[in-house]
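The values are calculated or read from the model by the stated rules, or taken from the named source; none is laboratory data. The model shown is predicted, which means the values in this text are computed figures rather than measured ones. Please note: Cβ atoms are built from the backbone with ideal geometry, for glycine as well, and neighbour counts cover all protein chains shown.
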Amino acid sequence: MIGIDREVSRQNFLKKAAWAGAAFSAMGIGGFGVAVRRAEAQAQAYESYQGLGDAAILQFAYLLEQLEGIFYDEGVNAGLFANAFLDQVAVIRDHEFAHADAIATTLGQLGAEVPAVPEFTYPDGVFTDVVAFLELAATFEPVGIGAYQGAAPALESKDILAAAISIHNAECQHRAAINILNLISPPAQVAFEEALPLQDVQAAVEPFGITG
(Lines give C-alpha, C1' and ligand atoms only; values in the text may rest on other atoms or scores of the structure.)
Protein backbone atom coordinates (compact mmCIF):
# COMPACT_ATOMS: atom_id res chain seq x y z
CA MET A 1 0.00 0.00 0.00
CA ILE A 2 2.86 2.38 0.75
CA GLY A 3 4.27 1.96 -2.74
CA ILE A 4 0.85 2.50 -4.32
CA ASP A 5 0.22 5.60 -2.23
CA ARG A 6 3.64 6.99 -3.17
CA GLU A 7 3.00 6.42 -6.89
CA VAL A 8 -0.45 8.00 -6.76
CA SER A 9 0.98 10.99 -4.92
CA ARG A 10 3.76 11.35 -7.50
CA GLN A 11 1.30 11.22 -10.40
CA ASN A 12 -0.97 13.75 -8.74
CA PHE A 13 1.98 16.08 -8.16
CA LEU A 14 3.05 15.90 -11.80
CA LYS A 15 -0.49 16.54 -13.02
CA LYS A 16 -0.83 19.59 -10.79
CA ALA A 17 2.66 20.82 -11.68
CA ALA A 18 2.00 20.47 -15.40
CA TRP A 19 -1.32 22.30 -15.09
CA ALA A 20 0.25 25.07 -13.06
CA GLY A 21 3.15 25.35 -15.49
CA ALA A 22 0.73 25.76 -18.40
CA ALA A 23 -1.21 28.37 -16.48
CA PHE A 24 1.88 30.35 -15.56
CA SER A 25 3.18 30.13 -19.14
CA ALA A 26 -0.11 31.52 -20.39
CA MET A 27 0.41 34.45 -18.06
CA GLY A 28 3.92 34.97 -19.34
CA ILE A 29 5.65 33.57 -16.27
CA GLY A 30 8.01 31.05 -17.88
CA GLY A 31 10.32 30.49 -14.95
CA PHE A 32 7.84 28.23 -13.23
CA GLY A 33 7.86 26.00 -16.29
CA VAL A 34 11.56 25.36 -15.70
CA ALA A 35 10.77 24.19 -12.18
CA VAL A 36 8.05 21.89 -13.53
CA ARG A 37 10.47 20.34 -16.04
CA ARG A 38 12.96 19.82 -13.23
CA ALA A 39 10.25 18.12 -11.16
CA GLU A 40 9.41 15.82 -14.06
CA ALA A 41 13.10 14.95 -14.52
CA GLN A 42 13.35 14.25 -10.79
CA ALA A 43 10.37 11.91 -10.98
CA GLN A 44 11.87 10.03 -13.93
CA ALA A 45 15.18 9.68 -12.12
CA TYR A 46 13.40 8.49 -8.99
CA GLU A 47 11.66 5.76 -10.96
CA SER A 48 15.02 4.39 -12.13
CA TYR A 49 16.10 3.83 -8.51
CA GLN A 50 12.73 2.77 -7.13
CA GLY A 51 12.64 -0.84 -6.00
CA LEU A 52 16.42 -1.26 -5.70
CA GLY A 53 16.31 -1.01 -1.92
CA ASP A 54 18.45 1.07 0.40
CA ALA A 55 21.35 -1.40 0.49
CA ALA A 56 21.76 -1.57 -3.30
CA ILE A 57 21.59 2.21 -3.61
CA LEU A 58 24.22 2.60 -0.89
CA GLN A 59 26.48 -0.02 -2.45
CA PHE A 60 26.50 1.93 -5.70
CA ALA A 61 27.06 5.21 -3.83
CA TYR A 62 29.99 3.61 -2.00
CA LEU A 63 31.73 2.84 -5.29
CA LEU A 64 31.10 6.38 -6.55
CA GLU A 65 32.68 7.83 -3.41
CA GLN A 66 35.69 5.53 -3.74
CA LEU A 67 36.07 6.46 -7.41
CA GLU A 68 36.26 10.13 -6.48
CA GLY A 69 38.27 9.67 -3.29
CA ILE A 70 41.00 7.67 -5.02
CA PHE A 71 41.01 10.16 -7.90
CA TYR A 72 41.62 13.09 -5.56
CA ASP A 73 44.15 11.09 -3.54
CA GLU A 74 46.15 10.39 -6.70
CA GLY A 75 45.97 14.09 -7.53
CA VAL A 76 47.33 15.01 -4.10
CA ASN A 77 50.17 12.53 -4.38
CA ALA A 78 51.03 13.48 -7.96
CA GLY A 79 52.45 16.84 -6.94
CA LEU A 80 50.16 18.80 -9.23
CA PHE A 81 49.18 21.30 -6.57
CA ALA A 82 50.76 23.36 -3.81
CA ASN A 83 49.73 25.62 -0.95
CA ALA A 84 46.03 26.51 -0.80
CA PHE A 85 45.26 24.58 -4.00
CA LEU A 86 46.76 21.42 -2.51
CA ASP A 87 44.87 21.96 0.74
CA GLN A 88 41.56 22.26 -1.11
CA VAL A 89 42.04 19.08 -3.15
CA ALA A 90 43.12 17.22 0.01
CA VAL A 91 40.00 18.36 1.85
CA ILE A 92 37.76 17.13 -0.97
CA ARG A 93 39.63 13.81 -0.95
CA ASP A 94 39.10 13.46 2.80
CA HIS A 95 35.41 14.22 2.41
CA GLU A 96 34.98 11.54 -0.25
CA PHE A 97 36.69 8.90 1.88
CA ALA A 98 34.67 9.99 4.93
CA HIS A 99 31.48 9.55 2.88
CA ALA A 100 32.62 6.09 1.79
CA ASP A 101 33.41 5.11 5.39
CA ALA A 102 30.00 6.32 6.59
CA ILE A 103 28.25 4.39 3.82
CA ALA A 104 30.26 1.25 4.64
CA THR A 105 29.24 1.54 8.29
CA THR A 106 25.59 1.88 7.32
CA LEU A 107 25.81 -1.12 5.01
CA GLY A 108 27.22 -3.13 7.91
CA GLN A 109 24.31 -2.06 10.09
CA LEU A 110 21.93 -3.22 7.37
CA GLY A 111 23.71 -6.57 7.19
CA ALA A 112 24.67 -5.86 3.59
CA GLU A 113 28.00 -6.47 1.89
CA VAL A 114 30.43 -3.62 1.35
CA PRO A 115 31.48 -3.85 -2.32
CA ALA A 116 35.06 -4.63 -3.20
CA VAL A 117 36.75 -1.58 -4.69
CA PRO A 118 37.78 -2.31 -8.28
CA GLU A 119 41.01 -1.10 -9.87
CA PHE A 120 39.74 2.13 -11.32
CA THR A 121 40.97 3.27 -14.72
CA TYR A 122 41.60 6.98 -15.12
CA PRO A 123 42.52 8.69 -18.42
CA ASP A 124 46.17 8.82 -19.42
CA GLY A 125 47.88 12.03 -18.39
CA VAL A 126 45.21 13.10 -15.91
CA PHE A 127 47.71 12.99 -13.03
CA THR A 128 50.43 14.85 -14.88
CA ASP A 129 48.40 17.78 -16.19
CA VAL A 130 46.61 20.19 -13.87
CA VAL A 131 44.12 21.23 -16.55
CA ALA A 132 43.20 17.62 -17.39
CA PHE A 133 42.84 16.78 -13.70
CA LEU A 134 40.53 19.70 -12.97
CA GLU A 135 38.48 19.05 -16.10
CA LEU A 136 37.83 15.48 -14.97
CA ALA A 137 37.05 16.68 -11.44
CA ALA A 138 34.52 19.07 -12.96
CA THR A 139 32.77 16.11 -14.63
CA PHE A 140 32.88 13.81 -11.59
CA GLU A 141 31.14 16.18 -9.21
CA PRO A 142 27.92 16.76 -11.21
CA VAL A 143 27.60 12.99 -11.70
CA GLY A 144 27.81 12.40 -7.96
CA ILE A 145 25.38 15.22 -7.26
CA GLY A 146 22.94 13.94 -9.86
CA ALA A 147 23.14 10.40 -8.48
CA TYR A 148 22.26 11.50 -4.94
CA GLN A 149 19.58 13.86 -6.28
CA GLY A 150 17.96 11.05 -8.23
CA ALA A 151 18.29 8.27 -5.67
CA ALA A 152 17.34 10.16 -2.50
CA PRO A 153 13.54 9.96 -2.96
CA ALA A 154 13.81 6.18 -3.44
CA LEU A 155 15.44 5.64 -0.04
CA GLU A 156 13.04 4.10 2.46
CA SER A 157 14.89 4.89 5.70
CA LYS A 158 14.48 8.48 6.85
CA ASP A 159 17.81 8.30 8.67
CA ILE A 160 19.62 7.15 5.54
CA LEU A 161 17.79 9.81 3.50
CA ALA A 162 18.98 12.52 5.90
CA ALA A 163 22.56 11.28 5.60
CA ALA A 164 22.30 11.14 1.80
CA ILE A 165 21.06 14.72 1.66
CA SER A 166 23.99 15.79 3.84
CA ILE A 167 26.44 14.09 1.47
CA HIS A 168 24.65 15.63 -1.51
CA ASN A 169 25.14 19.08 0.00
CA ALA A 170 28.84 18.41 0.53
CA GLU A 171 29.19 17.31 -3.09
CA CYS A 172 27.63 20.60 -4.19
CA GLN A 173 30.31 22.39 -2.17
CA HIS A 174 32.95 20.30 -3.90
CA ARG A 175 31.66 21.34 -7.31
CA ALA A 176 31.88 25.00 -6.30
CA ALA A 177 35.41 24.46 -5.00
CA ILE A 178 36.48 22.81 -8.27
CA ASN A 179 34.92 25.70 -10.18
CA ILE A 180 37.05 28.08 -8.13
CA LEU A 181 40.17 26.06 -8.94
CA ASN A 182 39.12 26.21 -12.60
CA LEU A 183 38.86 30.01 -12.26
CA ILE A 184 35.13 29.91 -13.04
CA SER A 185 33.33 32.98 -11.75
CA PRO A 186 30.88 32.92 -10.12
CA PRO A 187 31.59 29.37 -8.91
CA ALA A 188 27.97 28.64 -7.96
CA GLN A 189 26.08 28.80 -11.25
CA VAL A 190 23.28 26.26 -10.84
CA ALA A 191 19.82 27.40 -9.72
CA PHE A 192 18.35 23.88 -9.76
CA GLU A 193 20.25 20.64 -9.27
CA GLU A 194 19.79 18.04 -12.02
CA ALA A 195 18.71 14.57 -10.97
CA LEU A 196 20.32 11.82 -13.05
CA PRO A 197 18.64 8.46 -13.75
CA LEU A 198 20.56 5.40 -12.63
CA GLN A 199 21.36 4.35 -16.19
CA ASP A 200 22.93 7.74 -16.96
CA VAL A 201 25.14 7.56 -13.88
CA GLN A 202 26.16 4.00 -14.73
CA ALA A 203 27.08 5.02 -18.27
CA ALA A 204 29.12 7.95 -16.97
CA VAL A 205 31.26 5.87 -14.59
CA GLU A 206 31.54 2.62 -16.55
CA PRO A 207 34.70 3.76 -18.42
CA PHE A 208 36.44 4.12 -15.05
CA GLY A 209 35.75 0.57 -13.91
CA ILE A 210 32.35 0.60 -12.19
CA THR A 211 30.09 -1.94 -13.87
CA GLY A 212 26.70 -3.41 -13.09
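Structure above, values below:
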{"quantity": "Flag for A147 being within 9 Å of the chain's Cα centre (by Cα) and assigned to a loop (DSSP other than H, G, I, E, B)", "calculated": "no"}
{"quantity": "Boolean, A104 is at pLDDT 95 or above, among the aliphatic types (A, V, I, L, M) and under 20 Å from D54 (Cβ atoms)", "calculated": "yes"}
{"quantity": "Residue identified as over 16 Å from A204 (Cβ atoms), assigned to a helix (DSSP H, G or I) and modelled with pLDDT under 95 among Y46, Y72", "calculated": "Y46"}
{"quantity": "Yes/no for A152 being small (G, A, S), surrounded by 13 or more Cβ atoms within 10 Å (Cβ to Cβ), free of Cβ contacts under 8 Å to residues at least 40 places away in the same chain and touching a helix residue (DSSP H, G or I) at 6+ places or on another chain (Cβ under 7 Å)", "calculated": "yes"}
{"quantity": "Boolean, I160 is within 25 Å of G79 (Cα to Cα) and surrounded by 13 or more Cβ atoms within 10 Å (Cβ to Cβ)", "calculated": "no"}
{"quantity": "Any hit, segment 112-135, residues being in contact with a Gly (Cβ under 6 Å, 6 or more places away or on another chain) and of a type in the set (V, I, T)", "calculated": "yes"}
{"quantity": "Selected residue (criterion: surrounded by the most Cβ atoms within 10 Å (Cβ to Cβ)) from residues of segment 63-119 that are under 19 Å from L181 (Cα atoms) and among the small types (G, A, S)", "calculated": "G75"}
{"quantity": "Checklist (1) surrounded by fewer than 17 Cβ atoms within 10 Å (Cβ to Cβ); (2) in a loop (DSSP other than H, G, I, E, B); (3) not hydrophobic (A, V, I, L, M, F, W, C) applied to E206, failing item", "calculated": "(2)"}
{"quantity": "Residue in segment 178-188 that is under 22 Å from F208 (Cβ atoms) and at pLDDT 95 or above present", "calculated": "yes"}
{"quantity": "Qualifying residue in segment 154-172 (condition: among the acidic types (D, E), out of contact with any Ser or Thr (no Cβ under 6 Å at 6 or more places or on another chain) and not in a helix (DSSP H, G or I))", "calculated": "yes"}
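For (1) part of a helix (DSSP H, G or I); (2) within 15 Å of the chain's Cα centre (by Cα), each residue gets a yes or a no:
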site	(1), (2)
E65	yes, yes
F85	yes, no
Q88	yes, no
V114	no, no
T121	no, no
T128	no, no
F133	yes, no
